[in-house]
Each structure stands twice: as C-alpha cells, then as structure tokens.
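**Q** Sharing a structure below in structure tokens format, with a few things to ask.
The values are calculated or read from the model by the stated rules, or taken from the named source; none is laboratory data. Please read these numbers as outputs of a predicted model, since none were measured by experiment. Note: ideal-geometry Cβ built from the backbone for every residue, glycine included; neighbour counts use all protein chains shown.
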Amino acid sequence: MTTTDDILAQRDAATAILTAKMVAANDFMNKGAAGMDDVINALAAQRSLLAAQAYEAALDDPALAAALAKLKAVTKEMNEVAKKMVSAAAIIGNVNGLVAASSKVVPVLKGLG
Amino acid sequence: MRLSWLLLFALAACSPYSFSNEVAGFSRGVDDLSSGFTEGFAALAADHAATAQLEMIESRANVKVKRTSSCLTPDPNAIPCELYIGDAEPTLSKVEQLRDRTMSAVAVLRGYAHALMAVTNAADRAAYDAAVTQLSESVGALAKNADAVAPGASIVAPAAVNLAGWVVGTALDQQRFESLKAGVTAAGTAPPGGKSPIATVAQALGAGLFALSQERQTALIAEAAILQRRLDPSLSDSDYGQRLSDTQAVLAVLDGVRQADPTAAAKALVDAHDALLAAINDPKRSYASLLQAVSDFADRAAALQAALAAAAELEKAKKGG
C-alpha cells in the first residue's frame, strides 16, 4: 500500500469517528436536547477540513511518509474521546476535545506534526 | 516485396477493434468529473452565500462589507466581495484554496481522454498525425502530474513519451490501434510496487472530489439547520409550507451529495482504464469487461456530476418570508 493510500485510509477513519458523533448529536437534537446544532456544525466543519487537508496531502505525497504513525496515534486519541460521548451532556462536554484531537491531524497532514 | 505484401495482408487481416465508442464513453466520464468539479465549486459558493444570507436575516445584527480582503482592494486570492456578520471576515475554505491545483489535474486527465478520442476518430493521415502528437503530449503531461504527486509513478520520463506516428504502408485502422495501445499502456502501466500514472492522478482527483463533497455537505447542513429553526408553528399555513419546502429542497441536495461517492467514481475511472488496457491487449477475452467497466464509470461520473452541481432554490427564504 502506498503512502497516499495510508493517508486516505486515516482520513476515512477520522471521518467515520466525526460522522458517528454527528449522527449521535442529531439523535439527541431530535429528542429535544439543546445546543446540538452547534455541535453538528463544528463536527461537520472539522470533517471538511480533514478531507481538504488529506487532499492536499495526496497532492504532496512525498513529505508525508514519516507522518503516518503520528496520524494513527491521533486517530486513536479521537476514538478515545469519542467513546466518552454517549449522552447529550457528554457530547456537549467533549465536543471541543474531539475537535481538538482531530485538529492534530491537520499539522500531521501538513508534515509539521 | 512479396514479404511486404504478406505483412500488409496480415495486418489488415488482424482487423483491430477501434474502441472508439468505449474511448468516447471513458472521455465523457472524465468530462463529467471535470464538470462536477467546476460546477461543484460554483454551487459551494452559492451554498455559502445562501447560508450567510439566512444567518443575516435571522440575526439582523451588524452586517458588514468585506473591506480589506476583496471589496475595496485587488484580490489575488479571489475572495468574493460580499457581506458578512461576526468579528472576522470569512476567508476561502481549504478546498477552495486548492481549486487551481485541482483544475490543473482535471485538465491533464481531460487532455488525455480527448487525445485518445482524437486517435480513435482520426479519419485520415493528417488527422492521425495531429492526434498522435496530441496523445504524446497528453501522456507526457499525465506522467509529469503523477510524478509530482508520487515521484516514480510514471515508468517513462514525460519528455520521452513519443508514440510513434504513421508507418508508411500500414493501414489507418492498424495505426490507430497501435497508437491507442502505446498511449494507454504508458498511462496505465505501474512501476514495480507502485501505481500507474492514471491511477495516481485519479486518486488525487478522487480525494479532491471527496473534499469538495464534504465541504458542500457542511455548508448544506448549516443551511438546513437555520431553515429548520425558522419553522415556527405560529406561521401561516402558506408561509410554513413554503419554509418546509425550502428545508426539504436543501435536504434533497444534501442527500444527493451525500449519496454520490467520489472515491468510487475515481476508482471506476481507473477500473475503466485498466479494462481498456486489457481489452487492447486481448480484445476477444476482455471486451465484455471493458463495456461493463466503461458503463459503470460513466454512470458514477454522471451521478456525481449531477449531485455536486445541484443547487437548492430558496426564493422564500431569500426574501426573508
């Protein structure tokens, strides 16, 4: 598997975590929980940023071989935060942590991490 | 002399497949992906404008004109001159900043697909010679683009791509076939342990289409959320119905973008090209697979193009009704 394949696989793994939490937030919103609009918008924006950054990485493949291990570690950290987001209050309480964890993907994809 | 006649007879007897319909189908698919990008960026700008307008109508607070970045100064970054609310002037999103690089990759792919078509459709020697030159240049551009993304992706140096032209005494059908074979082989052959130039460029294109799709989904989710908030039970039936229609229109566009799969479309492009390469090398065994692969690619590309280009018309919402 090439580096670009790895990068895009990590993009998909991170995207799946964010998407799962968007779905959970939407479920809570439909049950009347407040503040979920902002959560969904924040997670969607983060998802877009990751996709765009992974795209740039796919265009600049050579610089990224060393970043893969870091990328996998960040995805693992995202998973750990996401596991805590099981209630409306926990989603609100942890969304910034999830966005912060996923934000670490961006410098890695830029080759700065 | 006798040997030459025998050779010509043998070449004519080969009666190579022209592949013109299949190459045309492949080229249409590439054109659809290209349109999906250009129209998708335009639709994304419209999404952002519609969402901003809804936010302004909703908040009715402190609407500002962009001054520093675009409205009053020459703008090298092509940031549109528009109104905004909040503390910071909006800037182009990441995927919008990558638009030019995306379009150059798309242009390389289109040039290659069109050159394949020119070769298969060449009706005389002059047209054929021009088409071979076009194909040589486009395969070189494809290899160059692939090498920029993944060094070593091309098995030949871009400058060395030279797909031999007319050989005196050879039938046009055979000439077209040989050039098509040489071009498709150069674009579709991977170095050891790597990807072919066409696969490398298509993968980057797929990642770009994915990013554009995600960005549109983000904008449409925000737009739908505002519209949903405006569904006030105290509205008249007419106004409530109109706002409901607006919300449904945005969700319909969102659903189309969500369901179209950019990664699968890019993979289908590579599969169709691989099938073309296989069929050129063994038409009798691989032709049915080629038809299926080209059809699959064309369908996916058309669906993606339609989804990315779709825009919701919200007349009532824009009027603040």
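**Q** Determine which single condition A:Ala20 fails, assuming it passes every other condition in (1) modelled with pLDDT of 90 or more; (2) crowded, with 17+ Cβ neighbours inside 10 Å.
**A** Looking at each condition in turn, A:Ala20 falls short on (2).
**Q** Here is a follow-up. Scan the stretch B:201-240 residue by residue and report those that are acidic (Asp, Glu) and over 21 Å from the mean Cα position of the chain (by Cα).
**A** Once the filter is applied, which keeps residues that are acidic (Asp, Glu) and over 21 Å from the mean Cα position of the chain (by Cα), the stretch B:201-240 yields B:Glu223, B:Asp232, B:Asp237, B:Asp239.
**Q** List the residue pairs whose Cβ atoms are under 7 Å apart, where the first residue sits in the stretch A:76-89 and is among the basic types (Lys, Arg), the second is in a helix (DSSP H, G or I), and the two are 6 or more positions apart or on different chains.
**A** Pairs that qualify, where the first residue is among the basic types (Lys, Arg) and the partner is in a helix (DSSP H, G or I), are A:Lys84/A:Ala90; A:Lys84/A:Asn94.
**Q** Next question. Run B:Ala268 past the list (1) within 14 Å of chain A (Cβ to nearest Cβ); (2) in a helix (DSSP H, G or I); (3) under 30 Å from B:Ala131 (Cβ atoms) and report the number of the one that doesn't hold.
**A** For B:Ala268, the failing item is (1).
**Q** Could you identify the single residue in B:Ala211, B:Ala224, B:Ala252 that is at pLDDT 90 or above, in a helix (DSSP H, G or I) and closer than 20 Å to B:Gln97 by Cα?
**A** Step by step, each of B:Ala211, B:Ala224, B:Ala252 is checked, and only B:Ala211 is at pLDDT 90 or above, in a helix (DSSP H, G or I) and closer than 20 Å to B:Gln97 by Cα.
**Q** Identify, please: which residue in the stretch B:89-108 is hydrophobic (A, V, I, L, M, F, W, C) and within 14 Å of chain A (Cβ to nearest Cβ) and is, among those, farthest from B:Ala50 (Cα to Cα)?
**A** B:Val108
**Q** Take B:Val119 and decide whether it is modelled with pLDDT of 90 or more and hydrophobic (A, V, I, L, M, F, W, C).
**A** So B:Val119 passes the test.
**Q** Can I ask one more? Applying the selection to the stretch A:27-55, what residues are buried (at least 16 other Cβ atoms within 10 Å of the Cβ), over 28 Å from B:Leu205 (Cα atoms) and within 12 Å of another protein chain (Cβ to nearest Cβ)?
**A** Listed by number, the residues that qualify are A:Met29, A:Met36, A:Asp37, A:Val39.
**Q** Among what's in the stretch B:261-291 and is in contact with a Ser or Thr (Cβ under 9 Å, 6 or more places away or on another chain) and free of Cβ contacts under 8 Å to residues at least 24 places away in the same chain, pick the residue that is surrounded by the fewest Cβ atoms within 10 Å (Cβ to Cβ).
**A** Once the filter is applied, the top-ranked residue is B:Ala278.
**Q** Let me ask another. Which of the residues belonging to the stretch B:192-206 are within 11 Å of chain A (Cβ to nearest Cβ), buried (at least 24 other Cβ atoms within 10 Å of the Cβ) and not in a helix (DSSP H, G or I)?
**A** Correct list: empty.
**Q** Is there any pair linking a residue in the stretch A:1-26 that is within 10 Å of chain B (Cβ to nearest Cβ) and more than 22 Å from A:Asn96 (Cβ to Cβ) to one that is assigned to a helix (DSSP H, G or I) and of a type in the set (Asp, Glu), with Cβ under 8 Å and at least six apart or on different chains, and which?
**A** A:Thr2/A:Asp61; A:Thr3/A:Asp61; A:Thr4/A:Asp61; A:Ile7/A:Asp61
**Q** Only one of these is basic (Lys, Arg) and surrounded by fewer than 17 Cβ atoms within 10 Å (Cβ to Cβ): B:Arg258, B:Arg216, B:Arg243, B:Arg230. Name it.
**A** Only one candidate passes the filter, namely B:Arg258.
**Q** Right, next: With the condition kept exactly as written, say whether any residue in the stretch B:241-249 is under 18 Å from B:Met56 (Cα atoms), in contact with a helix residue (DSSP H, G or I) (Cβ under 7 Å, 6 or more places away or on another chain) and within 14 Å of another protein chain (Cβ to nearest Cβ).
**A** Scanning the stretch B:241-249, I find at least one residue that is under 18 Å from B:Met56 (Cα atoms), in contact with a helix residue (DSSP H, G or I) (Cβ under 7 Å, 6 or more places away or on another chain) and within 14 Å of another protein chain (Cβ to nearest Cβ), so the answer is yes.
**Q** In the list B:Leu116, B:Leu142, B:Leu109, which residue meets the criterion of being under 30 Å from B:Asp47 (Cα atoms), aliphatic (A, V, I, L, M) and out of contact with any Cys (no Cβ under 8 Å at 6 or more places or on another chain)?
**A** When all the criteria are applied, what remains is B:Leu109.
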